[in-house]
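For reference, the structure discussed in these notes is given below.
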Amino acid sequence: MSSPGPESLFSPPFVVDEPERHSLPYVFNTGHSGAVYPPSFVAASRLDAVSLRRSEDAFVDRLFAPVVGLGAPLMRACFPRAYLDVNREPYELDPRMFDGRLPPFANIRSMRVAGGLGTVPRVVADGQEIYRGRLPVEEATARIEGLYKPYHRTLRGLIARTTTLFGHVVLIDCHSMPSTSLGREEGPRVDVVLGDRFGTACAHTLTDGVEAALQDQGFRVVRNKPYAGGFITEHYGEPSLGRHALQIEINRALYMDERTLIPKPGFDALVERLAAVFRAVSALPLDLAPARIAAE
């Protein structure tokens, strides 16, 4: 009899909040907001529970929850990013972390692996090592097979369903960023970073529309610096096929105490402002259909 997989540690591993009627050509995703830390994971770590949460996009699923009422599904992870990162390639792994040989197709030389932030991370966001010792390589493959692949199958299914319904789809990949992400030399505090892979992951009219709607709500916005979009934005954004992906990073200082991870009193007001942004964006007359090739 086989032992239970890592998915059994989470009940459920991820959730799709469905609207009463899928009336918008949008899918929202919060793959880093998971906050369920299994005791076995915490016991294997050098860090306490609060330190483990430094990589977490805490409360981002709550920030974007109103989009469901607007008519779009919201997919959210329950497992934490420190345990498994779905915004990476499926086998972006650091061989120094594991006992045993990684599969030959594993990407062991990416910049993210070098920084300790692969599919199974070696460090939390502030650079602290997660584990007391090496993990069995089977642990990595079990997390990928049991959590990563089902997550992406479900996300692909939502994207395919939305494309069938509307002829195109917009994936909004929702994240948060430490307030220290942009140094003081960058000028005034930035509230939101939009990442469209420098215009390759979605139509520029979509990025323009989201930026303008954010600015109308008083947010200070920059594009692609320091976050241009990760694996999800790059992998799912194919504008020529009518599939658009845009990453949005919210400054954590806007809504929580970054030391204690406790929401600020203005949390609900920020939720309303973000809802107003996407209410406005959904009303824009954007042409996001697949590019049409003229017949010869």
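The values are calculated or read from the model by the stated rules, or taken from the named source; none is laboratory data. In this text the structure is predicted, and so the values were computed from the model without any measurement. Using ideal geometry, Cβ is built from the backbone for each residue, glycine included, and neighbour counts are taken over all protein chains shown.
A few remarks follow.
- In the set (1) surrounded by 23 or more Cβ atoms within 10 Å (Cβ to Cβ); (2) in a loop (DSSP other than H, G, I, E, B); (3) under 14 Å from the mean Cα position of the chain (by Cα), Pro121 fails one condition alone, (3).
- For first residues located in the range 49-60 and at positive phi, partners that are of a type outside the set (Ser, Thr, Tyr) and part of a loop (DSSP other than H, G, I, E, B) and lie 6+ apart or on another chain with Cβ distances below 6 Å do not occur.
- When Thr260 is tested against (1) farther than 25 Å from Leu24 by Cα; (2) over 19 Å from the mean Cα position of the chain (by Cα); (3) modelled with pLDDT of 95 or more; (4) hydroxyl-bearing (Ser, Thr, Tyr), just one condition goes unmet, and that condition is (3).
- Checklist (1) modelled with pLDDT of 95 or more; (2) touching a Phe, Trp or Tyr at 6+ places or on another chain (Cβ under 9 Å); (3) within 20 Å of Ser33 (Cα to Cα) applied to Ala140, failing item: (3)
- Residue check, Asn87 free of Cβ contacts under 8 Å to residues at least 24 places away in the same chain, surrounded by 16 or more Cβ atoms within 10 Å (Cβ to Cβ) and either in contact with a helix residue (DSSP H, G or I) (Cβ under 6 Å, 6 or more places away or on another chain) or not acidic (Asp, Glu) (or both): no
- Boolean, Arg252 is touching a residue at least 24 places away in the same chain (Cβ under 8 Å), under 23 Å from Pro66 (Cβ atoms) and surrounded by 17 or more Cβ atoms within 10 Å (Cβ to Cβ): yes
- Test: residue in the range 248-262 that is among the small types (Gly, Ala, Ser), touching a strand residue (DSSP E or B) at 6+ places or on another chain (Cβ under 8 Å) and not in a strand (DSSP E or B): no
- The lone exception for Thr200 - which of (1) touching a strand residue (DSSP E or B) at 6+ places or on another chain (Cβ under 7 Å); (2) surrounded by fewer than 22 Cβ atoms within 10 Å (Cβ to Cβ); (3) β-branched (Val, Ile, Thr) it fails: (1)
- For the range 10-56, the set of residues classified as farther than 26 Å from Val68 by Cα, surrounded by fewer than 21 Cβ atoms within 10 Å (Cβ to Cβ) and of a type in the set (A, V, I, L, M, F, W, C) consists of Phe41, Val42, Ala43, Ala44, Leu47, Ala49, Val50, listed by residue number.
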